[in-house]
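What follows is a set of notes on a single structure, which appears directly below.
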Amino acid sequence: MATSGSVPITPVLKDELDIVIPTIRNLDFLEMWRPFFQPYHLIIVQDGDPTRTINVPEGFDYELYNRNDINRILGPKASCISFKDSACRCFGYMVSKKKYIYTIDDDCFVAKDPSGKDINALEQHIKNLLSPSTPFFFNTLYDPYREGADFVRGYPFSLREGAKTAVSHGLWLNIPDYDAPTQMVKPLERNTRYVDAVMTVPKGTLFPMCGMNLAFDRELIGPAMYFGLMGDGQPIGRYDDMWAGWCMKVICDHLSLGVKTGLPYIWHSKASNPFVNLKKEYNGIFWQEEIIPFFQAATLSKDHDTVQKCYIELAKQVKEKLGKIDGYFVKLADAMVTWIEAWDELNPSSASATTATTATNGPAKK
Amino acid sequence: MASIPSTPLLANELDIVIPTIRNLDFLEMWRPFFQPYHLIIVQDGDPTKTIKVPEGFDYELHNRNHVENLLGKRASCISFKDSACRCYGFLVSKKKYIYTIDDDCFVAKNPTGEDINALEQHIKNLLTPSTPHFFNTLYDPYRDGADFVRGYPFSLREGVPTAVSHGLWLNIPDYDAPTQLVKPHERNTRYVDAVMTVPKGTLFPMCGMNLAFDRELIGPAMYFGLMGHGQPIGRYDDMWAGWCVKVICDHLNLGVKTGLPYIWHSKASNPFVNLKKEYKGIFWQEDIIPFFQSVVLPKECTTVQKCYRALAEKVKEKLGLIDPYFTKLAEGMTTWIEAWDAHNPSSEAAGSLTNGMAKVNLGK
């Protein structure tokens, strides 16, 4: 039994993965990512003023959607897609035809690992998604499928096959993803700690899912990745990815799918304005206190055996239980249903999302 | 504003418990870090053997004769010829905190080459809250340079008291026998710079090699079971304690941390010997885990001892069906609690603890 010492090569998956980027600014940041992103197809979701031209650096293969495209493609269902908020990115998930999605913000750059080497974030996400998760029992050496690691003594053998990984949640060096109060209290804090670990968020445990550096298996969990109603005309912002994360985790736990967090790191360069953030988050700070117990107690039944069925059921419970807090949640619940209807329309063969069918559909590529 | 608070030494509040059958030479390397503390050495195996303790350490040493002397017939709950006997040291300690370490564990170096003061990190872990109710993606939010991330509910940011700090190991990883047999060369070289809370409702394999805990918060649950001589199983002592501890911590809203600090684990135990010890456990584990995952403790169990007694009853009831060993083990658990309460009389309420027991000072 010799250890060969060879590191298995991670497949590029260039025809199986789309990179979804929401933007209102420009896409200059892509220059830095070129060595890693160029093989892939990009789906750019332009938020804000549709008359503005977004400049995409030469040499990238992409499709770009602005608000006019969203309205055209979804018709009345476009109401579920946020306007003037990066939550609009989930439109990109819906129109993608690929098995995997990687989404990244336009103020996220290539980070360096402690040895000074550029981090290929996408490659790490792919590794994370292609190896199982371990949601049922915590492994103290973290991801047992990583090189040089394994399950530790005391880890039940029947659980060592793991569960399929639906989501890979990456982290950020430099500007950490803090809420407005924390930003105000600690404006100088930077995340300089490189934690060399990937781990599974255990079953039954919620976490704050940040959309800045996130990958997922669209076939396994795509329909649950709705980023809610934020931005223009909405009473809340900066809870889009959080909302998606809580829905997603409840469904993953129910369907025995895994969620990983940890590596890879990207370099987050831009600190958003904490005063603006506080205005956006204000209602959320209070609502969160009810939302979390709601998700912690949410139950799904055996009949809910696809992501869509789970999601529709959750929407029902949101309306019923959270609707009492504020009319916003009634709107949100309706939008969740609209999202699923739109998803199924645009992804007709994925109605049973637990089977690995490839979606075929056809909004014209721009 | 950038000053790092210094970690209190807690020299009079923490005992270091070390099980051994060999010698304690390893203490030389730990001297800079351990010398301020009182050691409780639990000598396993042949009590006629003399264990040499390096000069300058303040210690008490207990061998099998002491165990039987002190506990009388309750000594039956303490394993013989197995490092599980270490929990006797937890029982006789009078301190608030325990750090336990194996005698083949040495000082590790962090990535900058600096010696790691494992005890200091454990103290930091125990003195700061845990966050079992919601996972923080930047790990321990109470560490320097970290905090709770966006989306973390504010009402949960006070955290809960930390009962256990579970450290890790560089070099020889804590693998079971099958894994050791399949991967004899694998070494843990990955330094993961994180401490995190094991979430509520999630079990984990608790390794006793590099472990600290708050004796007042969780001590009575730290029973390491019946292993070794005359027992059908070995190398499941710390695992057993860890599953009981976690269920009780979850019930009592206490936290368990894992991650830093690392020690350097130097000795790989013999995988063939290990397989013999673990053999039954490999199969039994498959029933034990679902048992712990589904056990519900009654609301009336408001102290660790009450929780533990309730757990012992359920072990007898449910696991006793698998093998009579579990009936013996359940009895061992009950005996342990009786022994604990007999020797720690004022600790019935896991919250306010004063302990007036005379310090037993043997072997100095």
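The values are calculated or read from the model by the stated rules, or taken from the named source; none is laboratory data. This is a predicted model, so every value here is computed, not measured. Methodologically, a virtual Cβ is constructed for each residue, glycine included, from the backbone with ideal geometry; neighbour enumeration extends over all protein chains shown. Areas reflect the complete protein model, heavy atoms only, side chains present, ligands, DNA and RNA absent. Shrake-Rupley method; radii C 1.70, N 1.55, O 1.52, S 1.80 Å.
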Hydrodynamic radius of the protein assembly as shown per Kirkwood, over alpha carbon pairs, in Å: 27.2 Å
Rounded to whole angstroms and listed largest first, the alpha-carbon spread of chain A along its three principal axes comes to 62, 49, 48
A:ASN55 versus B:SER294: modelled label distance in nm, points set 7 Å from Cα along the beta carbon direction: 6.4 nm
Near the amide H of B:ASN210, under 5 Å away, which other amide H atoms are found, from residues 5 or more places off or on another chain, if H is placed in the peptide plane? B:GLY167
Apply the Karplus parameterisation 6.51 cos²θ - 1.76 cosθ + 1.60, with θ equal to phi minus 60°, to every residue of region A:32-47 and state each ³J(HN,Hα) to the nearest whole Hz, in sequence, with x for glycine and proline. 5, 8, 3, x, 9, 9, 4, x, 9, 7, 9, 10, 9, 10, 8, 8
Projecting each Cα onto the charge dipole of chain B (Lys/Arg +1, Asp/Glu -1 at the beta carbon, about the Cα centre), which of B:LEU168, B:ILE123, B:PHE204 comes out farthest on the positive side? B:PHE204
What is the average number of partner chain Cβ atoms found within 10 Å of a Cβ in A:242-252? 1
Mind checking the log10 I(q)/I(0) for region B:191-322 at q = 0.22 Å⁻¹? Debye, one equal scatterer per Cα, no solvent, two decimals. -1.48
Per-residue HN-Hα couplings for region A:20-26, Karplus 6.51 cos²θ - 1.76 cosθ + 1.60 at θ = phi - 60°, whole Hz, x for Gly and Pro? 9, 10, x, 7, 10, 8, 8
What is the distance in Å between the Cα centroid of region A:118-172 and that of region A:284-335? 29 Å
Alpha-carbon spread of region B:18-86, three principal axes, descending order, Å: 39, 20, 18
Jot down the radius of gyration and Dmax of region B:63-128, Cα atoms only, both in angstrom. 16.0, 51
Of the DSSP beta bridges with both residues in chain B, give the percent that are antiparallel, rounding to the nearest 5. 40 percent
Solvent-accessible area, 1.4 Å probe, carbon plus sulfur percent, for chain A: 54 percent
In region A:21-167, if every C-alpha pair distance is counted and binned at 10 Å from zero, what percent goes to each bin? 10, 31, 27, 20, 10, 2, 0
When Cβ neighbours within 10 Å are restricted to other protein chains, what is their mean count per residue of peptide B:202-208? 6
Scalar couplings 3J(HN,Hα) for region A:107-119 by Karplus 6.51 cos²θ - 1.76 cosθ + 1.60 (θ = phi - 60°), nearest whole Hz, x for Gly and Pro, are 10, 10, 10, 6, 9, 10, 7, x, 7, x, 7, 5, 8
With every protein chain kept in place and ligands, DNA and RNA left out, what is the accessible area per residue of region A:1-128? Probe 1.4 Å, answer in Å². 43 Å²
Relative contact order as a percentage, region A:146-240, C-alpha pairs under 8 Å and 6+ apart, gives 31 percent
What's the buried accessible area, both sides, between B and A using a 1.4 Å probe, rounded to 100 Å²? 5200 Å²
When the helices in chain A are scored as -39500 (n - 2.57) per DSSP H run of 4 or longer and the sum is shared across all residues, what 222 nm value do you end up with, to the nearest 500 deg cm²/dmol? -9500 deg cm²/dmol
